Amino acid sequence: MGSPLRVLHVVVNMNRGGAETLLMNLYRNIDRSKIQFDFLTCKEGVFDEEIQHLGGNVYRIPYITDVGHFNYRKNLKEFFNSHLDYKIVHSHLDKMSGLVLQAAKKAKVPVRISHSHNTSSEGNIAAKLYKWYIGQLINPNATDYYACSQIAGEWLFQGKSKSASILKNGIDIEQYKYSHQTRREVRAELQLSDNQIVFGHVGRFAQQKNHKYLIDVFAEYCKSNNDSILLLIGDGPLRKEIEKKAFDLKIHNKVKFLGVRSDIPRILQALDLFIFPSLHEGLPVSLIEAQGAALPCFISDQISEEVDMGMGLVEFLPLNNKRVWVETLQKREPFTDREKLNLDPIIQKGYNIKNTASKLEEFYLSV
């Protein structure tokens, strides 16, 4: 039997972000005797060791913010010219994929995939303008297009969005099935009582995730529901600012900053409510995971309705009215039958990671 087809995935780093978590879920479930993943990154990531254990390579070049536009392009050129065996490059940098795919095309890589995981660029006006400019390089240099949702494809690929294939952000459903025993264990570990109402959020501390809004809503909720706790899972540049905001609002004793965790399926069992007020999203894996754990999800109306698995767990709320969020949370009915919730809709909508991995494997081998 011949060597497996090696696919190069391009990311900033392999930390526990949504796109990166999806990539690792795919890597663990794809037939690695046929396909192997390698990664071109710019920074160390928590998944690097596991990638190497699974048979993948992790390469690193400096990111554009560290070395500038021209040096980054030079580094990409040098990388592709010294790694001529790749037949497939799969870039996950949203608009910045333009530079990657341009370099790959010049190096005569035959299959060049742009993958959209979002619906807006981050950064100030200058950064967004630069990313828009670089994004114009995607269509002339990509051979194939993938997106996590319809609106994510429309945002990144403009006139080519109809050519984009939707790759569902699948999860390993068995990992997330609710367990009352796990709930008790996690609550004991986190020093939470059985009768406390526990809110949760999973996401990087960045403007997109809208943690300030979340803290404001929770602080207002606490005024009439004193026995409640908010668990924030993740890390990022705005974490200290959010910690200070919780302190200033005198709810710091009710907000637990858990950092980056490798046991998200367990943590979700301990929650009562999942809150997600993002300013924009492609289709977040964390919301599929929360529904897999049978959690009621109160989320921003700026997120695509595609994220609702039709299990009666998702409620969209307007970002222009915090009062609506507070009142909706106060009126919520307790959900006590999580173990009995039928998770088949997640499978039927194509969010089982085994299906996602199988479809991507089929595509790679066909091209």
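Within the set of pairs 6+ apart or on separate chains, which have a first residue in the stretch 26-42 that is open to solvent by less than 50 Å² (accessible area, probe 1.4 Å), a second that is modelled with pLDDT under 95 and part of a strand (DSSP E or B), and C-beta atoms under 9 Å apart?
none
Which ones in the stretch 120-166 are surrounded by fewer than 20 Cβ atoms within 10 Å (Cβ to Cβ) and closer than 24 Å to Ile353 by Cβ?
Asp144, Gln150, Ser165, Ile166
Just give me the residues in the stretch 219-248 being open to solvent by 70 Å² or more (accessible area, probe 1.4 Å), part of a helix (DSSP H, G or I) and basic (Lys, Arg), in sequence order.
If the condition is that a residue be open to solvent by 70 Å² or more (accessible area, probe 1.4 Å), part of a helix (DSSP H, G or I) and basic (Lys, Arg), then Lys240, Lys244 are the ones that fit.
Listed residues Glu327, Glu339; which is without any contact (Cβ under 8 Å) to a residue 24 or more places away in the chain and acidic (Asp, Glu)? Please lay out each step first, then the result.
On the way: Glu339 fails: without any contact (Cβ under 8 Å) to a residue 24 or more places away in the chain.
Exactly one of Glu327, Glu339 is without any contact (Cβ under 8 Å) to a residue 24 or more places away in the chain and acidic (Asp, Glu), namely Glu327.
Only residues that are farther than 30 Å from Gln150 by Cβ and either part of a loop (DSSP other than H, G, I, E, B) or at pLDDT 95 or above (or both): list them for the stretch 166-180, please.
Ser179
Please specify each residue of the stretch 197-243 satisfying the condition of being among the hydroxyl-bearing types (Ser, Thr, Tyr) and within 20 Å of the chain's Cα centre (by Cα).
Result: Tyr213, single match.
Every residue, every condition in (1) aromatic (Phe, Trp, Tyr); (2) within 19 Å of the chain's Cα centre (by Cα); (3) farther than 25 Å from Ala206 by Cβ, yes or no:
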residue	(1), (2), (3)
Val285	no, yes, no
Leu317	no, no, no
Glu333	no, no, yes
Asp344	no, no, yes
Lys354	no, yes, yes
Lys359	no, no, yes
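Pick from Lys106, Lys128, Lys74, Lys95: which is at pLDDT 95 or above and farther than 25 Å from Arg6 by Cβ?
Lys95 is the lone residue from the list that is at pLDDT 95 or above and farther than 25 Å from Arg6 by Cβ.
Taking interchain pairs and intrachain pairs at least six residues apart, which have beta carbon atoms under 6 angstrom, with the first residue in the stretch 175-193 and closer than 17 Å to Gly259 by Cβ and the second open to solvent by 30 Å² or more (accessible area, probe 1.4 Å)?
Close Cβ pairs satisfying both conditions: Val186/Arg266.
For the stretch 261-367, which helices (runs of 4 or more DSSP H) that fit wholly inside it have 2 or more residues that are out of contact with any strand residue (DSSP E or B) (no Cβ under 7 Å at 6 or more places or on another chain) and surrounded by fewer than 21 Cβ atoms within 10 Å (Cβ to Cβ)? Lay out the reasoning, then the answer.
Details: elements: 264-270, 285-292, 322-331, 344-348, 353-366.
The qualifying helices (runs of 4 or more DSSP H) are 264-270, 322-331, 344-348, 353-366.
In the stretch 70-95, which residue that is of a type in the set (Lys, Arg) and free of Cβ contacts under 8 Å to residues at least 40 places away in the same chain is least open to solvent (accessible area, probe 1.4 Å)?
First pass over the stretch 70-95, keeping only residues of a type in the set (Lys, Arg): 73-74, 77, 87, 95.
Filter once more, so that each one left must be free of Cβ contacts under 8 Å to residues at least 40 places away in the same chain: 73-74, 77.
Values: Arg73: 87, Lys74: 107, Lys77: 129 Å².
Only one residue fits best here, namely Arg73.
Answer with yes or no whether Lys340 is in contact with a helix residue (DSSP H, G or I) (Cβ under 9 Å, 6 or more places away or on another chain) and of a type in the set (Lys, Arg). Show your work before the answer.
Working: in contact with a helix residue (DSSP H, G or I) (Cβ under 9 Å, 6 or more places away or on another chain): no; of a type in the set (Lys, Arg): yes.
Considered against the rule, which asks whether it is in contact with a helix residue (DSSP H, G or I) (Cβ under 9 Å, 6 or more places away or on another chain) and of a type in the set (Lys, Arg), Lys340 comes out as no.
Where residues in the stretch 194-218 are over 18 Å from Leu287 (Cβ atoms), in a loop (DSSP other than H, G, I, E, B) and out of contact with any helix residue (DSSP H, G or I) (no Cβ under 7 Å at 6 or more places or on another chain), which of them is modelled with the lowest pLDDT?
My answer is Asn195.
The values are calculated or read from the model by the stated rules, or taken from the named source; none is laboratory data. Computed from a predicted structure; not experimentally measured. Every residue, glycine as well, gets a Cβ built from its backbone with ideal geometry; the counts of neighbours run over all protein chains shown. Areas reflect the complete protein model, heavy atoms only, side chains present, ligands, DNA and RNA absent. Shrake-Rupley method; radii C 1.70, N 1.55, O 1.52, S 1.80 Å.
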